[in-house]
Every structure is written in C-alpha cells, then in structure tokens.
Amino acid sequence: MASSSVEPSPSLPLEDYRRYGRQMILDGFGLEGTLGVIDHDTVQISNLQRQVLHTEDRVGMAKVLSAAEAIRQMNSRITVNPITAALTSANAVELLAPYDLILDCTDNLPTRYLLSDTAVELGKPLVSGAAQQFDGQLCVYNLPLKSDGQDSQERGPCFRCLFPKPPAPEMAGSCEELGVLGAVTGVIGNLQALEAIKLLAGLHDGKPSLLMFSALGAPPFRSVKLRSRRPACPACGVEGEKVGRIEETDYVAFCGGERPDWVARGLGV
Amino acid sequence: MASSSVEPSPSLPLEDYRRYGRQMILDGFGLEGTLGVIDHDTVQISNLQRQVLHTEDRVGMAKVLSAAEAIRQMNSRITVNPITAALTSANAVELLAPYDLILDCTDNLPTRYLLSDTAVELGKPLVSGAAQQFDGQLCVYNLPLKSDGQDSQERGPCFRCLFPKPPAPEMAGSCEELGVLGAVTGVIGNLQALEAIKLLAGLHDGKPSLLMFSALGAPPFRSVKLRSRRPACPACGVEGEKVGRIEETDYVAFCGGERPDWVARGLGV
Amino acid sequence: TSLDIVMSTITVKVEFGGGLELLFSNQRSHRVALPARVPVSYSNPFSPPSAAGAEQGIQNSEDAPKKPVDLSYLIFWLRDNLLKERAELFIENGTVRPGILVLVNDADWELEGEGEYQLKDGDEIVFISTLHGG
Amino acid sequence: TSLDIVMSTITVKVEFGGGLELLFSNQRSHRVALPARVPVSYSNPFSPPSAAGAEQGIQNSEDAPKKPVDLSYLIFWLRDNLLKERAELFIENGTVRPGILVLVNDADWELEGEGEYQLKDGDEIVFISTLHGG
Ligand SMILES: [Zn+2]
Ligand SMILES: [Zn+2]
C-alpha cells in the first residue's frame, strides 16, 4: 500500500499504562480511531509474496479494498477508510490532515519525499519503513522530541534533513525491480506498527534514531543516533535559514526524472 | 500454533544464489517442499490479535486447518500438512522426523524442552521464537556450525545447554496470562521465517547467537554470541559426560508441575 | 596501546531481562559502582546464599587478601544490595540459578570465564531468563 | 584512566550499505589502515574530486604540515583506493554526496563534527544510502 495512517481517540487512560503495566493484560490495550489506507493500485500476483493482507482471490481488486477486507476479517470493529487515489502534491495535505500520524509504506522515492514534506507541513510524525533485497531501514521522521522523558516542542529531523538529495537513479530501484525477501518486509512492517503504537500510547522515548536491518548481517540490527533537524532544510528548517524551496519541487524530476515505473505507479505529479 | 516445520527439496540451484544475487529477482527465489503445522487447539477470539493467519469467521476451527486455509488463500501452490494433535514425548519424534527443520512457535516451557530434545535426537536445527509483553527472543538451537564459511560436523548449543533449568514457575507465564503486543509476535515470527530461509538456502553464517528484542529498549535489539554446546548437557552432551538423562523427564513436572493452563493446552504428558 | 591506571572503584552497567527484573524493583537497567579490589574469600569458595541477606554478605576488611573484582563478586553484591525478594530465584549453590543466562558485553559468560571473569570499568553485564510465550 | 601511546597507523572498519556497496566491489565491509598523521592540505580545504581519481589523490610528503587523520581524509582515501567506479556518486563538492548518510560508531556524523572528526583506532565508519523499496 502507498501509505496508511492512524487516528486515535485516546479514550483509554493511557497515562495509567506504566503504572499498571505489570498487572495489565496487554491485549486489553486498545486505541479507538480510524485507519486510513491510501493507494491507487490493484493487487498483483507478484505482491502476494510480501503484502500479506492480499489473497489470490483478490488479485485485480483495488489494494485498499483488499486490505480493508483483510482487516475486517481479523477484527470487524476496526474502522478502515480506504482511499483509492494516487497520493500527489495536490492532494496529500487534504488526504493526510485528518490523521494523527502517517506510515510510509511506499516503494518509491518521490512519494517518500512528498510524504515527508507533508508530515512536516501538518506537524505529524512519519513512521517510515523501507526494504530492499535482504535489507531494511526504519525511522520516525519529524518525531516529537522528549528530553528527560518530558515532551518538548522540538521535532526530530525530516527525511529531507537526512537525505537532502536522492541517491543517483542508477542506484535506486523498487522492490519489484530489485526483489525483496517477504519476511524482511514483514520485520520492517511490524516494527513500523510498533513505533506507531508507541507514539500513540505515549511510550516512545522521543529520541530520533534510525534502525538498520540486514538479514544476512552479524549482528542483523544496528541502531543509529540521529542529528537534530537541519536549520537549512528546505522543508523543516528555520525560517530565513532555509536553502531552497520545496514548493517548487517536482518530486519525480527531483528523484531523477520520469521513470516509467514511477509514472505507472501514479506519480505523474 | 504449536510448531511447524519446512521440508524443502532443493530443486533450485541454491548454490548459485550468492553468485547471481545481484542480478536475480528475489521473488524468483523458491523452495519446494511440505510445510507441516502441528497444534491440537482451536482458534480463540483472543488469538486474533497476534496470530494473524486466523480470522473471526474461523473462530472455533482447528488452528492448523485455519492456518492451512490462510496459506492456501495467499499461495495455493504451497503444500501444507496440518496435523491436529498435541505434541507429546510419545509422538514428537515420529511427527517431526519427515522435516528438515523445526520452528518452535509454542507458548509454554514444557513443549520448548520437548522440541529441543527432539531436534537434538533427530539432528535438525530448531528455530525458536518467544515473545512476552514488549520483549522477544530468537535463537537457532542445535545449529549446524560453520567455521570460515565451511560446514563442520559440529552443532551449536541446544535449549537445554543454555537453560538447563526452567525459570521458577512463579516467573513463567504464557502470552494469554501476561499479554503480548501483537506486533512483537510479528517481528519475532518474521525473524524466525528469515532464519529458516537462511538455513534452507545455505545462507546462514553458522555461528550460534541469541537475538534479544525489547520494543521499548534503546537500542531495541541486542545480539549475543553463544557458547558451544555443553559436554554435560543431558540432551546434546558427550556420551559418558552427560549429567542426568532426559528419557526420564516428565516435561510438565520438570517445568514446575501440573499447572492447569499447560494441561489445558494438551501437555498431560 | 593504552596503559591502565589503577582505579579504586569501577562502574559497570547491569541489565535484567526475561522477567528477572521483577526481582530487582522491576527496574531493568542499573549502574553499579564496585571496589576495584575485593577480598579473595568472598567468591572463592562461594559463600552460600543466606536468608539473612546483607548481614552475611560481602565485608571489606582492610587486611584480608585481595583480588581484582570479578563477576562472582558482582553476583553476590547484587544479592546483598539490589535484590528485593526471593534470593533463591537468583542464586543457587553459590552461583546464578541454572535457568539464568549471564552475558558479558554481549557474549555468553561461558566464553569469558564465567564467575572468574575480571570486571573492567564500563562493562555491561546482562542477566536474562528465557522467555517462553508466543 | 588510560594513556594513548602514539601510533604510526590506525585501523578502522568501514561499511557500506543501501546500495553504496555496489561502488566498492559489492563488498560491504572493509578494514582500512591509515597513517595516524596526514598532510593538512588534503582535506582542509577539500581538494575537489577529479575524474583522474588516484592520480590527483592524497600524497604523503615528508615535510608537509601534518594533522591527526580525520574523516575527510578517509573519504578521499576511499575514493582513491577502494572506489571502483563513478566517483561522482560518492563525492560531490569535496565531501560525500548529500544523499549519503555517514555514521561514526553508530552516531550520525553531524553529531561528531562531520569531516573534522579525528579517527581513532578501532572506529567503525558506515556510509549508507536510503533504501526506498517496500
Ligand atoms: Zn528537514
Ligand atoms: Zn544441549
């Protein structure tokens, strides 16, 4: 799926969590809200190896409807809002504004920059996962920071702070092009869900970090401490110190020009 | 599910993998074989939060049949052998002998010791995952070792080498008792699948290690280098140096006596 | 390429996991300062664990023979100073209970000499019990 | 608590990820031995990257002013000694290309002084590109 978001109404007394953590049964741990899923694409047979919400029967169905059906089968009380649309710079703010956080589950760079810029504009954290071949990366961009456990007004870096320029197009590729082991996507997807839960439940430590995973590595995981946001960042930087303006950005051109696969994925921005 | 196993017929030239890894599309990466799933239990509504193969519609169905149905919906070419039986010391060797490796996805200690002893007896690796609350552990027991990348005849430690005695019953508890965050189970389950794939495809580095995961930790993952097997281990030790005999073991008594939940789970060994 | 200068105390990081933290105020991470040299008699041979706890614990006598502080000393120090309940769930027959895995800087302590491992300033020592849910 | 003894070379571990390894013989992990002191002129100010590669690279002249080896020096050393193709995908305007994240012992290099970070024996330096599949 291109991206999905969660909007909780924290009707449970989450602040009691730490106190009663020993006693409580975690599956009583709950959040109410709406889960939005945005994607313009239909289920392909080649998706099934890693996008485990879909089934052979639903090949050809809109991905967001297939995902909503899978979630309904597991838990019919969850409210899912399936949005069959390609995310573009024209609709991103409107589509994502109703949600408390954004999950980046995309497979292409232009959408990753678009989601990051939109998350900054909306002031929401972006839980970003990526997977290729045997490797994965996980990061929360625009993270609400805490110091000594207390909320601060500060935010962690955005995607553009860390990667002001996309990698050379020659070195980029989507999962369909490069391949990815389904279980790598599964590890990263579950870790994204955990970061989202920690953020919504107030359990996140509020320290920006990047988790790198390599299925063949020893050790397989490496956690990296990240910088603060970059004052010169055109997206999240300090007014007057920004270099460049993202309003002018053509996301596809920025990432190396019109490549047929990106256009096919609906990013003819 | 209690445990599941994979039996590959390596009909693809896996030894070519490393050579062609750059060119190959990973989802062409395939293994043929039979996936066995062993469990005596039926789907409960409380399982759905973490056992994502099941659905609300299939509550009450045998777990192994529900799992087989879910796999069939995703990939109808996979051969699944669902075995509706409680694993006991009387049937474990016979049930697990046909498979090349064993996955321990159980939720109780007596079955963990039984699976480890059986894996040692059958000379098969045991990919073991465990999850409780916010934490998880992953380890391959009885791992075929490699040194300098070459296969050796040696095996890594078994579960009993590392944990010769179970924790005090007061400190033990299953997921149903203590609770577990569904995404923690998902992270560990996907990592188990990856270890199984690495073993079957000859990509495992053959060095025994334990991966510890804590969803709230910073860093969340810790990789630990493990000892060799223990010559005095009653399961995998050296003949003549073993202390104790596992043939005499009553698995339930060994883990602190008959607790109603273990008996209810079919472990009235 | 570096010379150690004799210190009178060292600090190690101690972590508990897999449920063991329940014995230690439900706190997973601790910083522990220990004397760099300790009496020989307190860990070799082990003194048996006692219900009396701290009273029978480690005493620093000025003229007792000494040795560099080791992992065995830490185990008894934890029993006598941090353990809140049920010492028998942590120590058995003069060492950690067999169901507990001890890690020294991310390696199984058996690779490091077990209780005889000499602690260094900044070491990270982890005690875990196996998890078994799923 | 320790004294550094002057060494003439140091060894660092270098890792590439996220596709950058393709520029370095598709090998992710490298051990690199570097002189402990290097000419001042080669990294500050940066020499611009050149198509000629190694020919315009770092030269050790005996009488040039020297400084302790730093991360900038390593970057040029990698270009001149390990890079197999397309230097412009690794170096741009005298530093790493903006799309590359540099890590010093598991911290973003911006927290460590970027190119001016003085390398220590045993340091682990990682260069990664962002992954973007999913
Ligand atoms: Zn930014
Ligand atoms: Zn053993």
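The values are calculated or read from the model by the stated rules, or taken from the named source; none is laboratory data. The structure displayed is predicted, hence computed values, not measured ones. Every residue, glycine among them, receives a Cβ derived from its backbone with ideal geometry; neighbour counts consider all protein chains shown. For accessibility, only protein heavy atoms count, side chains too; no ligands or nucleic acids. Shrake-Rupley method; radii C 1.70, N 1.55, O 1.52, S 1.80 Å.
Looking across A:Leu191, A:Leu226, one residue alone is facing another protein chain (nearest Cβ under 7 Å), open to solvent by less than 40 Å² (accessible area, probe 1.4 Å) and out of contact with any Phe, Trp or Tyr (no Cβ under 9 Å at 6 or more places or on another chain). It is A:Leu226. Exactly one residue out of D:Leu119, D:Leu111, D:Leu101, D:Leu82 is open to solvent by 10 Å² or more (accessible area, probe 1.4 Å), within 10 Å of chain A (Cβ to nearest Cβ) and either more than 16 Å from D:Leu71 (Cβ to Cβ) or aliphatic (A, V, I, L, M) (or both): that is D:Leu111.
From the list A:Glu69, A:Glu94, the one residue that fits, being part of a helix (DSSP H, G or I), loosely packed, with under 14 Cβ neighbours inside 10 Å and at pLDDT 95 or above, is A:Glu94. Would you check if A:Asn108 is crowded, with 18+ Cβ neighbours inside 10 Å and more than 13 Å from chain B (Cβ to nearest Cβ)? Yes, satisfied. Among the residues here, A:Gly237 does not qualify as touching a Pro at 6+ places or on another chain (Cβ under 8 Å) and more than 15 Å from ligand 1 (Cβ to nearest atom). Here B:Lys124 meets the list (1) buried (at least 24 other Cβ atoms within 10 Å of the Cβ); (2) within 16 Å of ligand 2 (Cβ to nearest atom) almost entirely, failing just condition (1). Quick one: in segment A:238-256, of everything that is buried (at least 16 other Cβ atoms within 10 Å of the Cβ) and away from chain D (no Cβ under 14 Å), which residue is nearest to A:Pro208 (Cα to Cα)? Per the criteria, the residue is A:Lys242.
Of all the listed residues (B:Phe221, B:Phe163), the sole one being away from ligand 1 (no atom under 16 Å from the Cβ) and open to solvent by 10 Å² or more (accessible area, probe 1.4 Å) is B:Phe221.
Residues in segment A:134-157 include at least one that is more than 16 Å from ligand 1 (Cβ to nearest atom), at the interface with chain D (Cβ under 10 Å from one of its Cβ atoms), assigned to a strand (DSSP E or B) and among the acidic types (Asp, Glu).
Here B:Pro144, B:Pro169, B:Pro157 are screened, and the one residue that is open to solvent by 40 Å² or more (accessible area, probe 1.4 Å), within 16 Å of ligand 2 (Cβ to nearest atom) and in contact with a Lys or Arg (Cβ under 8 Å, 6 or more places away or on another chain) is B:Pro144.
Which pairs do you get when a residue that is of a type in the set (Val, Ile, Thr), found in segment A:88-104, comes within reach of a residue that is loosely packed, with under 14 Cβ neighbours inside 10 Å, reach meaning Cβ atoms under 9 angstrom, with the pair 6+ apart or on two chains? Going by the 9 Å Cβ cut-off, the qualifying pairs are A:Thr88/A:Gly268.
Return yes or no: is B:Thr42 touching a His at 6+ places or on another chain (Cβ under 9 Å), surrounded by fewer than 18 Cβ atoms within 10 Å (Cβ to Cβ), at pLDDT 95 or above and more than 11 Å from every other protein chain (Cβ to nearest Cβ)? No; evaluated as a whole, the condition is false for this residue.
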